[in-house]
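One structure below.
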């Protein structure tokens, strides 16, 4: 008898089983193929805008993704460095061989965790409570809680042109019956679609005609606990490629042959990740589309052609690829394909990620309607934590929208639902100035410590960091710039206007043209980079950050307006019928959550508020 | 809604008919119980003749308009009782309704119900309020236009402009690797933000006119006793056949009435004569006059051609700047004894109320002071109430902050924060974003009934 059974060894499953085991739970990870644990079936990168911040958050909560990415990448850079502190985010090209290898190693060394190879086809359900799983061979394994992280394997179908092959990525076997069983148990199943582009043989690419994109020369790490372990000079490059008129003509002429336009697919694809045929159709007036060539690994020769995902038949794909400059003689090692899979309607899950219909069943990742390794990992760690807390009869960890991108992600899913694979974007977060790359540990480590995923030692390190930040701020407040000849000279040399009076360094740092490194010309600042960065952001954007926290507090007041669980929406006569249906279905926990439901408009919230006041005096 | 409410929905002045309106689940039943006909079985949207009774006593002869939900203003059943017996009988009818299970409506509650029942949107709700208190044709046009959504369209178009920039910035942020997409540079931002700023300014400029059209302007007539203030008021009002009402509760006679110049309501307030006095009661009146003059948009200072100006007159004259002040020297038919000090540069009209003489010039002067000619020719999409104006001001402030951040070399994600707030504030005007306090705020600013 296990305490927690995790089904699926992808990025959600990994974080779920690892954190559960870390919290002392007897955990079993079941996966179709042990060698594929931590596999990256699509793009060879970890992070990206918003996603990179999720990786930091997973790390702050004690997860693995950031730590493993740090030792597995072949290029890394900070995105949006010039666009401001709120939107900076790390993106790494992870090596598709090294990353899973390191991940598997880490899981092997995780105490309390067993790993088993099997295909899960059914659940053991008694009185609407999950009791374990049943494998394809009929073996029953009992567990007090089950976390499903099935990725694209639920009735997965690979689509290339009119070809439709049942299976998961890499030609792996799919789970044929589990989604039907879930349906039988009362869950609503939705069908989603995603896709992946071609892989090109390295020797067949003419890189000389392409624009090179290098990694940053500054060293970065995802994890708060790692120091950089690579040589910034020795990073792999990516390359830019563009489509042209010929490419577009080939696609237009053959549109009907694609699985999507030929009507061979039923799943709904994501708007933010359109296939190339979608891009050509929807943006007909665009002369070219930008594509990227990214190395997949140092250990084999495939390059990933980002932006060219398609469900065209193979012969058309050949023509399309060969029309691109630099890829005239390219050898396609893997054709692009679309994949359809079953997921559950996320409106059926609680913010804890536990299922509303089947008790003790948790879900995370693509099964909840998301897309992306990072989104999966973010949910995985929360599912693992909350399954463990449930076993301990403790309140679940529910991150607020002002706590973390993970909080935004889960709130969006369980409140708004989704009809396409959900990808995190910075614009989905209303408090992004709070949800920064640099402060994920300050935001979340304390939660981790409280639930037991962050050790005392790690927590003390955090307290130490907080102390140093405070110290440095005070130090800059207390010390003033002396206007003397020597200092005047330094200002002149840097073409920076000299302040009129002896202002404090704190005030000086507020000036946009001055950074904390410049201050070191006048005053010794003996602190690590992270501390200096943090202090600089806190001082420079102080007014804005304060305002954001104030807004967050305001929202928090609405979050505290709880809606009683026994509320009968049918009784609220003046509620619009659409709102009534949505509220009935989602059953939001708070007025704030209710107000975020699409189709529930301000009038409905007003009616609901009036009703709550009247009936419950809330 | 749970209970049935009623209110007198016509103004409590002198009028031939006043209407008591009842809405709610029991509206028909309650009215039936005090009416000598029966309404329950009758068709909707019909009119019925009969009497309101209290036991055997007939209170009033009435016409009743029967409107069954949901095709009514509040979407609930509505019964309107047209009373003919003047204010005291109307009050009596209201009383009987209250005795029979109605609750007196809170200010704006009819419209609140219309809003909560999804009958009208937020902006319409506010415009309906404006319609209720519109005093003149122009105000009515303005109110109707808001209901039709000209202002909504205007605000929507500004919001669309903002959201376009926001979306572009978001694309730049979320997809930094796509170098082909238009990059919102600081120069572009500067251009866009300034364009939007101009549009907000236009909205605010219009707001002043909107307020004038809706609330009218206040003109105070001041001067010493017996210089002919009341005659001037009466002349202005007589001509316009306006109603003069005694405002209760004021100490000594402050009288006001409304006339229309270029379809703008001009509220003329006659004040108690101002003079040095030992009489405590009169002192209160004098101070009140001064207060009213201070708050008025225009002050007509009236002096007697036949008397010299006193120290107090001169002091009073010095209090108002020339933009606000019109001097009227009355009793031009009598011998001129008045001496106008040279340092007074304001417009001076000489005339009398006997002939009468100079009163057209006086009206012309009022018109010119407020540049009323400019107002009416413009389109009617003005902001009209304080909440709308306040929100546009907030939007403008946010936009200004955004521009400041831009000038201060702040990165784009910081600049965008205030731009987003500007967008949200504008959304609040047309009800596109939600704030819980909002509803209560709007509706407490409503007048009674529709």
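A simple packing score, the average count of other Cβ atoms within 10 Å per residue, orders the peptides A:350-360, A:27-37 as A:27-37, A:350-360, with the highest score first. When the Cα gyration tensor is reduced to axis lengths a ≥ b ≥ c, the ratio a/c stays below 1.5 for region A:561-616, which is therefore classed as rounded.
Ellipsoid semi-axes for chain A, based on the Cα gyration tensor and the rule √(5λ), read 39, 34, 25 Å when sorted largest first. Each residue in B:414, B:19, A:147 was given a count of other beta-carbon atoms within 10 angstrom of its own, and listing them fewest first yields B:19, B:414, A:147.
Using 0.36 nm per residue and subtracting the Cα-Cα separation, the extra length available between residue A:487 and residue A:511 on full extension is 7.0 nm. Residue by residue along A:357-367, Cβ atoms of other protein chains within 10 Å of the local Cβ number 0 on average. Suppose R0 equals 45 Å; then what is the FRET efficiency for residue A:329 and residue A:350 from their Cβ-Cβ distance, rounded to the nearest 0.05? For R0 = 45 Å, the calculated efficiency reads 0.25. Counting Cβ atoms of other protein chains within 10 Å of each Cβ in B:416-429 and taking the mean gives 2. Here the gap between residue B:38 and residue B:323, fully extended at 0.36 nm per residue and compared with their Cα-Cα distance, gives a gain of 96.5 nm.
On the basis of the beta-carbon distance and an R0 of 25 Å, residue A:236 and residue A:109 show a calculated FRET efficiency of 0.35. Summary value for region A:561-616: 40 percent relative contact order, contacts being C-alpha pairs under 8 angstrom separated by 6+ residues. Mean partner shielding of peptide B:177-183, defined as the number of other chain Cβ atoms within 10 Å of each residue Cβ, is 4. Pairs of Cα atoms nearer than 8 Å and 6+ residues apart set the relative contact order; for region B:5-121 it is 31 percent. Modelled this way, with points 7 Å down the Cα-to-C-beta line, the labels at residue A:550 and residue B:371 are 3.4 nm from one another.
With R₀ set to 41 Å, the beta-carbon distance separating residue A:300 from residue A:446 gives a calculated FRET efficiency near 0.45. The fewest-to-most ranking of A:252, A:436, B:103 by surrounding Cβ atoms within 10 Å reads A:252, B:103, A:436.
From most to least packed by mean Cβ count within 10 Å, the peptides A:452-460, A:421-429, B:401-409 give A:421-429, B:401-409, A:452-460. Expressed per residue, the C-alpha convex hull volume of region B:5-121 stands at 96 Å³.
Rounded to the nearest whole angstrom, the semi-axes of the ellipsoid equivalent to the protein assembly as shown, taken from the Cα gyration tensor as √(5λ), stand at 68, 39, 27, largest first. Sorting the segments A:83-92, A:307-316 by their mean number of nearby beta carbons within 10 angstrom, highest to lowest, gives A:83-92, A:307-316. The C-alpha radius of gyration of region A:456-545, expressed as a fraction of 2.2 N^0.38 Å, stands at 1.18. Note on residue A:315 and residue A:124: the model spin-label points, each 7 Å out from Cα along the C-beta direction, lie 5.4 nm apart.
Full extension of the chain segment joining residue A:225 with residue A:477 gains 87.8 nm, where the gain is 0.36 nm per residue of separation less the Cα-Cα distance.
Per residue, chain A reaches -10500 deg cm²/dmol at 222 nm when only DSSP H runs of four or more residues are counted, each adding -39500 (n - 2.57). Note on A:11, A:18: ascending count of other Cβ atoms within 10 Å places them as A:18, A:11, the fewest first.
Remark: relative contact order (chain A) = 17 percent; criterion is Cα-Cα distance under 8 angstrom and separation of 6 or more residues.
Bear in mind these aren't lab numbers, they're just calculated from the coordinates by the rules spelled out. Computed from a predicted structure; not experimentally measured. Quick reminder, even Gly has a Cβ in these numbers, built from the backbone with ideal geometry, and neighbours come from all protein chains shown.
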